[in-house]
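The values are calculated or read from the model by the stated rules, or taken from the named source; none is laboratory data. It should be emphasised that the depicted structure is a prediction, and the values quoted were computed from it without experimental measurement. Note that we place each Cβ from the backbone using ideal geometry, even for glycine, and neighbour counts take in every protein chain shown. Quick note on the areas: whole protein, heavy atoms, side chains included, nothing else; ligands and nucleic acids left out. Shrake-Rupley method; radii C 1.70, N 1.55, O 1.52, S 1.80 Å.
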Amino acid sequence: MRLLGRLRDAFPGRRARAHQAELEAALALHEQGRIDAADAIYRRILAAAPDHAQALHLAGLAAHQRGDDAAAVALIERAIVRDGTVGLCHLNLGNALRALGRGEEALASYARATERDPGRFAAWFNFGQLARERGRADAAVAAFRRALALDPASDDAAFGLAMALIERRTEGDERTASAAEAVALLESRWTRAPDQTEMRYVLARALEACGRWTEAAAHLEAVAQARPGLAEVRNRLANCYNRLGRAAEAVREYRETFRLDPVFHHALSSVLGALNSVADATPEAILDAHREWARLIAAPLYPAAPRFANVRDPARRLRVGYVSPDLRRHPVGTLFAPVLDRHDAGAFETFCYYNFARSDAVTERMRGAAHCWRDVAALDDAALAEHVRTDGIDILVDLAGHTTHTRLPAFARRPAPVQVSWLGYFNTTGVATIDWFVTDPHSSPPGQERYFVEKLVRLPATRFCYEPPEFMPEVSPLPARRNGFVTFGCFNNLAKLNPGVLKLWARILAALPDARLALQASALSDTPNRERFRALARECGIPDDRLALRPFAPAEQAAAAYHDIDIALDPFPFCGGMTSLDALWMGVPVVTLPHVMIAGRQTASMLANLDLSELIAGDEAQYVDIAVGLARDLDRLAGLRAGLRERFRRSPLADYAGFTRALERAYRMIWEMWVAST
């Protein structure tokens, strides 16, 4: 629609007013791009009629188009005082205010424009753009939806809506739905975007949120090639590879992320976590990588001569602080909650520093058990360290290590006299200001000290105990009895299932022609990745018709899936943790081949504590023999299944009070050593 027609519609009932002929002549010039000539006429009209609303508005529009936004605001505001019912005036006022950097006022003007003229695309579109720029993604989504409804063919509105959908702070099903809508908007449009690279990046983020990591990675690879200097793109690409179980590629991209942005130390921590799944990464190489992280990130934060006001009394009540992002429904939270419940309140005062933005029922349970609870997700590392100092913590315990949301830079500042790593990580932290690593004799046999910066304190039996979640079902009868064949299973992260593991499992299947193998992992939810992995398994000797690949399932459903599994096969060199505990609780024996480091010995420690060392293989041949022997003796297998849960209940793995007392004795011992040393 021509500008003259728009303005006539915008000022209804004013078509026959004074100066209309002059105004129409000016509008014709304005439409031709002859802004100065048009403005001269607007000024003549205003000289004769200073309150002429249309002339004020159009003179303001001309000023905005010339870049004189202060004058534009003054003129259009005068027009609105004269007549505030015209939506277009508020829209153009918003544009001028926005150009002046007066964002909140501009947003308010756009809102008034949408109220007075709800059928105007530009009002909704501009409101959506500015709302998004100002971090108001929900408002932007609503505005772009209205704009797209007015002009369904608008790629710009579709792009704006997609970006706003991705930027919304939503979780769970709502986040997935937003991402799916963004994908639908962009899949057929991104090639038409003025900046295709930007839209590919938005599409990649949406695909990630939908669990379509292979497609997301393909777009991110293209973005990284087009703009190789963007650390955030590399980090997202690394995360996709990690999700897909492509650990070596993830390590490469995390390293590149850190190279591009050395301030982003979390990327280097991600290297360390992913290295555990790289089959040819030696313990020495892993130790060196942790030391390198500490040299680059932690060492500059080490205090020269820390001083502590803590009372040096070996027998007094101690303040123990726990730092973790996982005090929620998470493996760490599940393992830690029964300990926190049972701490001796007369001897230990517990402080929890919770480093995550959301809570759940498990969080609330622990919040009630702790003497003091602090939500610290919004604090930086220096502020967290200062809280610890102010609280007078005697022993500060890290439950995360180099996992997501690490707070190791706070520990590097040495806020407590004794600092400990326990539970949430299975390697050295590399941090010189962390004094001890809590482990057990089975996880860390003699000689493992050489792989740790920390000193090892070994609890008598196990480094953790297990309290099954409330949703765990009862143990089922042996599925092989009803199926007529044995089903092996593994529900570990796909990154752990390297070719060496798959080839060994192929040998087991070759010895048992009727046996099947079922694998369940979130990475198998991605269809292209599932087919990639199936092809890898085929290359390693596992036929398609003997392999069931199952996608992600919620924890409740995943537990019930053990009703279909007769024997669990543990991967290596990175073995199971919570997956092994779950399997054993569900009556499923786990065959393991321990390796040097704790990451490869967790299942062996569990089996030793269950008096099931016969399931621990000394080499690959014995691993095959144990698995095949179990599969050929269904009576033995059924007996194991029927008795495993009771065996578990009677073991150190479920002795929550006994474990807590052992942990407390370790705390007291290392506290006494510190007191003696000062």
> How about segment 544-564: which of its residues are open to solvent by 40 Å² or more (accessible area, probe 1.4 Å) and part of a loop (DSSP other than H, G, I, E, B)?
Replying inline: 551, 552, 554
> Of the residues 596, 590, which is closer than 16 Å to residue 489 by Cα and among the β-branched types (Val, Ile, Thr)?
Replying inline: 590
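So which residues in segment 253-286 are part of a helix (DSSP H, G or I) and of a type in the set (A, V, I, L, M, F, W, C), if there are any at all? Don't jump to the end; show me each part of the working.
So the first thing to find is which residues in segment 253-286 are part of a helix (DSSP H, G or I), and the list is 253-260, 265-275, 283-286.
Those that are part of a helix (DSSP H, G or I) and of a type in the set (A, V, I, L, M, F, W, C): 258, 260, 267, 268, 271, 272, 274, 275, 285, 286.
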> Condition test on residue 86, is it at pLDDT below 95 and surrounded by 18 or more Cβ atoms within 10 Å (Cβ to Cβ)?
Replying inline: yes
> Within segment 60-99, can you find the residues that are touching a residue at least 40 places away in the same chain (Cβ under 8 Å) and more than 47 Å from the chain's Cα centre (by Cα)?
Replying inline: 83
> Right, residue 634: under 19 Å from residue 479 (Cβ atoms), aliphatic (A, V, I, L, M) and open to solvent by less than 20 Å² (accessible area, probe 1.4 Å) or not?
Replying inline: no
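One line per residue, one yes/no per condition, for (1) open to solvent by 40 Å² or more (accessible area, probe 1.4 Å); (2) at pLDDT below 65; (3) of a type in the set (Asp, Glu):
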site: 1; (1), (2), (3): yes, yes, no
site: 4; (1), (2), (3): no, yes, no
site: 11; (1), (2), (3): no, yes, no
site: 16; (1), (2), (3): yes, yes, no
site: 25; (1), (2), (3): yes, no, no
site: 30; (1), (2), (3): no, no, no
site: 43; (1), (2), (3): yes, no, no
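The rows are residues; the columns are (1) basic (Lys, Arg); (2) modelled with pLDDT under 95; (3) touching a His at 6+ places or on another chain (Cβ under 8 Å).
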{"residue": "280", "(1), (2), (3)": "no, yes, no"}
{"residue": "288", "(1), (2), (3)": "no, no, no"}
{"residue": "296", "(1), (2), (3)": "no, no, yes"}
{"residue": "316", "(1), (2), (3)": "yes, no, no"}
{"residue": "321", "(1), (2), (3)": "no, no, no"}
{"residue": "325", "(1), (2), (3)": "no, no, yes"}
{"residue": "328", "(1), (2), (3)": "yes, no, no"}
{"residue": "333", "(1), (2), (3)": "no, no, no"}
{"residue": "350", "(1), (2), (3)": "no, no, yes"}
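Here's the yes/no breakdown for (1) touching a residue at least 24 places away in the same chain (Cβ under 8 Å); (2) surrounded by fewer than 16 Cβ atoms within 10 Å (Cβ to Cβ); (3) part of a helix (DSSP H, G or I); (4) over 34 Å from the mean Cα position of the chain (by Cα):
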residue	(1), (2), (3), (4)
508	yes, no, yes, yes
517	yes, no, no, no
533	yes, no, yes, no
542	yes, no, no, no
> What residue, among those in segment 601-619 that are farther than 14 Å from residue 575 by Cα and among the charged types (D, E, K, R), is most open to solvent (accessible area, probe 1.4 Å)?
Replying inline: 611
>> Pull out all pairs, ordered by first then second residue, where Cβ-Cβ is under 7 Å, the residues are six or more apart or on different chains, the first lies in segment 203-214 and is touching a residue at least 40 places away in the same chain (Cβ under 8 Å) and open to solvent by less than 20 Å² (accessible area, probe 1.4 Å), and the second is in a helix (DSSP H, G or I) and aromatic (Phe, Trp, Tyr).
In response: 203/190
>> Could you check segment 134-146 and list, in sequence order, the residues that are open to solvent by 10 Å² or more (accessible area, probe 1.4 Å) and either touching a strand residue (DSSP E or B) at 6+ places or on another chain (Cβ under 6 Å) or not aliphatic (A, V, I, L, M) (or both)?
In response: 134, 135, 136, 138, 145, 146
> Just checking, which of 149, 184 is within 21 Å of residue 126 (Cα to Cα), free of Cβ contacts under 8 Å to residues at least 12 places away in the same chain, among the aliphatic types (A, V, I, L, M) and surrounded by fewer than 17 Cβ atoms within 10 Å (Cβ to Cβ)?
Replying inline: 149
> Here are some conditions: (1) within 22 Å of residue 521 (Cα to Cα); (2) open to solvent by less than 20 Å² (accessible area, probe 1.4 Å); (3) touching a helix residue (DSSP H, G or I) at 6+ places or on another chain (Cβ under 7 Å); (4) of a type in the set (Val, Ile, Thr). Residue 501 meets all but one. Which one does it not meet?
Replying inline: (3)
> From the set of residues in segment 401-434 that are assigned to a helix (DSSP H, G or I) and among the hydrophobic types (A, V, I, L, M, F, W, C), which is farthest from the chain's Cα centre (by Cα)?
Replying inline: 412
>> Looking only at segment 594-650, how many residues end up being among the acidic types (Asp, Glu) and in a helix (DSSP H, G or I)?
In response: 5
>> Step by step: first the residues of segment 425-452, then only those that are open to solvent by 40 Å² or more (accessible area, probe 1.4 Å) and in contact with a strand residue (DSSP E or B) (Cβ under 7 Å, 6 or more places away or on another chain), then the one that is farthest from residue 652 (Cα to Cα). Which residue is that?
In response: 449
>> Could you check segment 373-400 and list, in sequence order, the residues that are within 21 Å of the chain's Cα centre (by Cα) and open to solvent by 70 Å² or more (accessible area, probe 1.4 Å)?
In response: 375, 378, 380
> Restricting the search to segment 300-340, which residues are part of a helix (DSSP H, G or I) and farther than 20 Å from residue 389 by Cβ?
Replying inline: 331, 332, 333, 334, 335, 336, 337, 338, 339, 340
> Among (1) at pLDDT 95 or above; (2) assigned to a helix (DSSP H, G or I); (3) of a type in the set (A, V, I, L, M, F, W, C), which single condition is residue 591 missing?
Replying inline: (2)
> What number of residues within segment 96-105 are assigned to a helix (DSSP H, G or I) and surrounded by fewer than 23 Cβ atoms within 10 Å (Cβ to Cβ)?
Replying inline: 5
> What pairs can you find where one residue is in segment 238-253 and crowded, with 23+ Cβ neighbours inside 10 Å, the other is outside any helix (DSSP H, G or I) and not aliphatic (A, V, I, L, M), and their Cβ atoms are less than 7 Å apart, with a gap of 6+ or different chains?
Replying inline: 244/526; 245/493; 247/277
>> Based on this model, can you work out whether residue 71 counts as in a helix (DSSP H, G or I) and either modelled with pLDDT of 95 or more or open to solvent by 20 Å² or more (accessible area, probe 1.4 Å) (or both)?
In response: yes
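For every residue, the table says whether it meets (1) in contact (Cβ under 8 Å) with a residue 24 or more places away in the chain; (2) surrounded by fewer than 22 Cβ atoms within 10 Å (Cβ to Cβ).
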{"site": "259", "(1), (2)": "no, yes"}
{"site": "297", "(1), (2)": "yes, no"}
{"site": "301", "(1), (2)": "yes, yes"}
{"site": "314", "(1), (2)": "yes, yes"}
{"site": "317", "(1), (2)": "yes, yes"}
{"site": "320", "(1), (2)": "yes, no"}
{"site": "328", "(1), (2)": "yes, yes"}
{"site": "338", "(1), (2)": "yes, yes"}
{"site": "345", "(1), (2)": "yes, yes"}
